[in-house]
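The values are calculated or read from the model by the stated rules, or taken from the named source; none is laboratory data. A quick note: this is a predicted structure, and the numbers were derived from the prediction, not measured. Cβ placement follows ideal geometry from the backbone for every residue including glycine, while neighbour counts extend to all protein chains displayed. Areas reflect the complete protein model, heavy atoms only, side chains present, ligands, DNA and RNA absent. Shrake-Rupley method; radii C 1.70, N 1.55, O 1.52, S 1.80 Å.
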Amino acid sequence: MTAGAVGFAGSLASVAILTAAVILGVVLTLLVSRLLSATVLKGVPSSFALELPPYRRPQIGKVIIRSVFDRTIFVLGRAVAVAAPAGLVIWLLGAVKVGDAALLTLLADFLDPFARFIGLDGVILLAFILGFPANEIVVPIMLMTYLSTGKIVEYENLGQLKEILTANGWTLTTAVCTVIFMLFHFPCSTTCITVKKETGSLKWTAAAFLLPTAAGIVLCAVAANLMRLFTAVF
């Protein structure tokens, strides 16, 4: 098989996996919505109103001011309130050692048996937990733990990322379950804060946190064990 054919097949497989993940997300969203409507939300009226403001000519000064307040200050406030403390915790876990192992590695080892059952490993599961403040840091935390650098790192290209992951035991099952768990897991801290602000309820905030996480765990466990069974049989 030529290099072009291999590249085309790899691209086709990537498209198929991404499409399947999107379809799975849509289907499960509809199923959960149907389940909630038939149980805890049964009889609760729901409505949606979308009001369009009157069109006005944009005013440059107001646009700049609103952008500064709505975007820049919000991002900086999030960094101070959430990202900075989270970064400190992650740094301490990577820097503080017990014996010859960092706390980050010990925590990953503790989570490893359960993580293996759902097709992940302890490092991946710990990265998702520590990535609660911002999902963008999940992969850097994985690399930080795999490479034992003591600090968050970034990969230079996808080839380097593949080498690091395969060297640390990643298989097709690991990759598929990671994609599933990335699609179905607890929302980040900002989303949880927004849910609490909009609903005014800790109950619904907890539901928004727990429902996707439970779905992700179940789906990962099913996918992992089916793929192991398929591998064992064939």
Exercise for review: Kindly provide the set of residues from the stretch 105-124 that are open to solvent by 10 Å² or more (accessible area, probe 1.4 Å) and without any contact (Cβ under 8 Å) to a residue 40 or more places away in the chain, ordered by number.
Suggested key: Leu106, Leu107, Asp109, Phe110, Leu111, Asp112, Pro113, Phe114, Arg116
Review point. Counting only residues that are within 14 Å of Phe181 (Cα to Cα) and modelled with pLDDT under 90, how many does the stretch 109-145 have?
Key: 5
Point to revise | Number of the condition not met by Ala215 [criteria: (1) exposed (fewer than 14 other Cβ atoms within 10 Å of the Cβ); (2) closer than 21 Å to Leu35 by Cα; (3) in contact (Cβ under 8 Å) with a residue 40 or more places away in the chain; (4) not acidic (Asp, Glu)] | key: (1)
Exercise for review: Determine whether the stretch 44-57 contains at least one residue that is at pLDDT 75 or above, surrounded by 11 or more Cβ atoms within 10 Å (Cβ to Cβ) and out of contact with any strand residue (DSSP E or B) (no Cβ under 9 Å at 6 or more places or on another chain).
Suggested key: no
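Here's the yes/no breakdown for (1) aliphatic (A, V, I, L, M); (2) in contact with a Pro (Cβ under 8 Å, 6 or more places away or on another chain); (3) under 25 Å from Phe114 (Cβ atoms):
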| site | (1), (2), (3) |
| --- | --- |
| Met142 | yes, no, yes |
| Gln160 | no, no, no |
| Leu165 | yes, no, yes |
| Ala175 | yes, no, yes |
| Cys220 | no, no, yes |
| Phe230 | no, no, yes |
Check your understanding: Identify, please: which residue in the stretch 165-184 is touching a residue at least 24 places away in the same chain (Cβ under 8 Å) and of a type in the set (Ser, Thr, Tyr) and is, among those, surrounded by the most Cβ atoms within 10 Å (Cβ to Cβ)?
Key -> Thr178
Check your understanding: If you take the residues in the stretch 22-37 that are open to solvent by 60 Å² or more (accessible area, probe 1.4 Å) and aliphatic (A, V, I, L, M), which one is nearest to Leu219 (Cα to Cα)?
Key -> Leu24
**Study point:** Among the candidates Cys188, Cys177, Cys192, residue that is of a type outside the set (D, E, K, R), within 17 Å of the chain's Cα centre (by Cα) and closer than 14 Å to Ile124 by Cα
**Key:** Cys177
